[in-house]
Every structure is written in C-alpha cells, then in structure tokens.
Amino acid sequence: MNLAFGSHIKSKFEFLLKSRILIAVSGGLDSVVLTHLCHNLKLDIALAHCNFNLRGNESDDDERFVTNLAETLGLEVFVESFDTKHYATQHKLSIQMAARELRYHWFYRLSEDLKFDYILTAHHADDNLETVLINLTRGTGLSGLTGIPEVNETIVRPLLPFSRDDLESYAKANSYKWREDSSNTSDKYLRNKLRHHVIPVLKEANPELLSNFKTTIDNLNDTSEMISDCIEAFTKRALVSVDETQLKFKISEFKSLKNPKSYLYELFHDYGFTQWDDVTNLLDAQSGKQIFSNTHRLLKDREHLILTEVSHSSLNKVSYNIQKEDAKVETPAGFLFFDEADAIFGKRTNVVFVDKDKLTFPLTLRKWQEGDYFYPSGMTGKKKLSKYFKDEKLSLVDKENIWLLSSNDAIVWVLGMRNDDRFKVTQKTKTILKITLNKV
C-alpha cells in the first residue's frame, strides 16, 4: 500500500510533498494508517488529537495512545480536551454535530495559528459510501450523491480511494497498533446501522460494490461539473445586480426554462431553503410575497426575485445622535462627514449642502417608518416617503435599507437620495454645512 499511496499522492496531491501538514488522529485504524503512510513518505507532518470526554477512561486512553504514537515516530502532537456534552446542550446540537463543530473549529484555528498549509483527515472509501447512503435516506440533490470531496479548501482526504479492508490488511501486515472506539459497535447512530447491517449485505450481493461505487461517484462528479457550467451560464443571464445587501434575479429568465424548479434549487439551496414548491410559486406570486429560511429571505418584487439575509427588525428601532461638534460619525449607513463650506459645488447623491443655522442639534439618524414625509428639494409641497419610494421604483429591500437624517423630527436628508427643501441653502444662508456619506 505504500507504493499505491505514494503514487496517489504524486499524481493527485503533489502539493502535499512541499507542505506543512496537520493530521487529524483519533487513534483508530484509519488515522493511524494515514499517519504511518505520510511518515513513510517523509511528509512534513504533525498530529492533532481531540479528546471529547465522551467515553470516560477510554477517551483518556485514546489520548495517551496518540501521544505515544507521536513520540515513537518523532512527531509533534497537539491535544485539545472538550466538554462536548455541555457544548451540545448549549448550542442545541446532537453529540455528533457538536463533536464535528468542535473538531473542525480547533483544527482551523490550530492550522492558522501555527501556519500549517493543509489538514489531512482519514476518510476512506467505506466512509464515502456510508455518507452517500445517509444523504440518500434523508433526501438530497446531486451534491449529496457525489460523496465526500477529496479537497475542500485546506482539508485534504487522501485515503478516499482505499477501502477499510485495504487499511486493515496494511496495518496487520506491518504490525501497527490502533484503538477501537466502543461507540462504533452501537446501532444508536444511523451510520453504524448502515455499516453493520446494510453495507455487508450489499457487499455480499456484489463483491465489486466499492469499485462500482467509485465509478458512479466519478460519473456523478462529471455530471455535477457540467451542471455547474450550465448554472454559471444561466446566472450570468439572470443575475441583474449584486451588492452588500442583496442578489437580484430576473424572473423572466426562470420562466423561460422548462424546469425552473431545478435551477431554483441549484441557486438557492445553499441559503437554507427547503420548501421548493413555495420557492417555485414565487415566480407567479404577487409582488411583495416572500419566503424565509433560517438565514435568508427570497422576495418577489415586480419582475425580480431578491435574495437577502434575514433582516433584524431591532435595527429599525436603533437611532444615532449626532452632536454639533461631530466631524465624522460611523453608522450602519456608512461614515458621515460634516464640514463647513464656502459655497455649493458639484452634484452628487452622497453629498448634501444645508443651512446649518436651520438645524437643531443633536441631529438624529434613523430608519424610515410608515407615515414619514418630507419636502423634496426641487418639488412643491410635502410628500410621503412611501409614495416617493414608489415613484423612485425602490424595491422592498431597497426601502428597508434607507436611512434618514433628521433635525427635531423634520427630515433633513434621505441619505443617498434627496434632501429636504426646508433646509436648503439660500441667499440668506450664513453658514453652509456640507454632509458627505461614505459607504466604504
């Protein structure tokens, strides 16, 4: 297996030969074999072990085993102890998910702090099959059937082509010792049920199961790449605008497709949406209709679908006071700069000139509310902001991101749009105040 692994590294992961590597080692068969294989290749490696404190003395014995392994091989080892049960309770997670979060957060932090280039995990072909079967039982799209990625940013999984039988045969041939996790014998978890009861039957029915599975995964990944190219081309046509608050898509592009639901899924499933009939129905819904995931909102606005992060309503209640002596104020809308000017010059949406003597300090910066009105400069009389925004064809998302600068409850400036006629500079103005909004 040394030769096969070495050939695999040189053909697919040559970058590891000159990298500083952290190996995640539990003490089990898979990670012990990975450690020996990398050590035999003389890669620049160190070990990282998590003690999740879930199995009493057994967890501590695993930790001692890994530190002894590192000492035997002359390797640096890092160990972290976690109160996994408390973390799971605190964050309302299953024990498995809590351990996963704790593990990877620590790996990433350790890697960043100590300048490791890559983190290696010992997932193998059987793990890959189990993962796909789990996804299949829970319902998934193509991405859930393409298996565990060999490379995911700095995470590398070089054992995926090899089976557990391959690893065990290699370990026994070289008299390597490893630890058995007693929790792996329990059928409490779905992965163990599949490992103990389903996969053995499949292997018995087809001894070439893992080989055929790898062929299927390769084919599905090829298909996935083709779909990605198709989605990328569609996105270029459909995506109207992108900024820090929203993504806006043309509904007409979706409705021109034979199967818009599949495109909606590929574009929006990473944002937590799951009710795909509801998402599809947005295409023909009334303007203003919206659906939510835990993190995002999808809004029908006239001819567009608009994706935003979930708004925090508490932000609408926040206001900021600006004192007369303030020259620069940092706000959610950006930086506001206040300077006296000798004259009005230029015309920009992010700059307004007002009569300073007409202002009552402190000024207030706040979000707009229903019922707000102002006297738009260049127009006659007052106008409700809701009507002004409608005339300006602002979307619901655009309106949610509007901030107002006011003086004694009177609007001075609709930031980035229009100032109020009551505070404009006239021939009688003695002091001109220049207010600049810098969103950078």
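The values are calculated or read from the model by the stated rules, or taken from the named source; none is laboratory data. All values derive from a computational prediction rather than experimental measurement. The area values use the complete protein model at the heavy-atom level, side chains included, leaving out ligands, DNA and RNA. Shrake-Rupley method; radii C 1.70, N 1.55, O 1.52, S 1.80 Å.
The table below gives the values:
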| item | result |
| --- | --- |
| Nearest-10 value in Å² for the accessible area of residue 262, using the 1.4 Å probe | 50 |
| Segment 31-114, relative contact order in percent, only Cα pairs under 8 angstrom and at least six apart counted | 27 |
| Residue 23 long-range amide H proximity, modeled H, under 5 Å | 46, 47, 48, 120 |
| Convex hull volume per residue for the chain, taking Cα atoms only, in Å³ | 213 |
| J(HN,Hα) series, segment 14-30, from Karplus relation 6.51 cos²θ - 1.76 cosθ + 1.60, nearest Hz, glycine and proline x | 4, 4, 6, 5, 10, 10, 8, 10, 10, 9, 6, 10, 8, x, x, 3, 4 |
| Spatial extent of segment 63-159: Rg and Dmax, with the Cα atoms as the point set, Å | 15.9, 46 |
| Per residue solvent-accessible surface (Å²) - the chain, probe of 1.4 Å | 56 |
| Aspartates and glutamates with Cα under 13 Å of residue 12, excluding same-chain neighbours fewer than 8 positions away | 150 |
| Listed pairs 115/188; 214/261; 115/250; 92/248; 85/248; 92/177 exceeding 32 Å between Cα atoms | 115/188; 115/250; 92/248; 85/248; 92/177 |
| For segment 340-440, alpha-carbon Rg and Dmax in angstrom | 13.3, 39 |
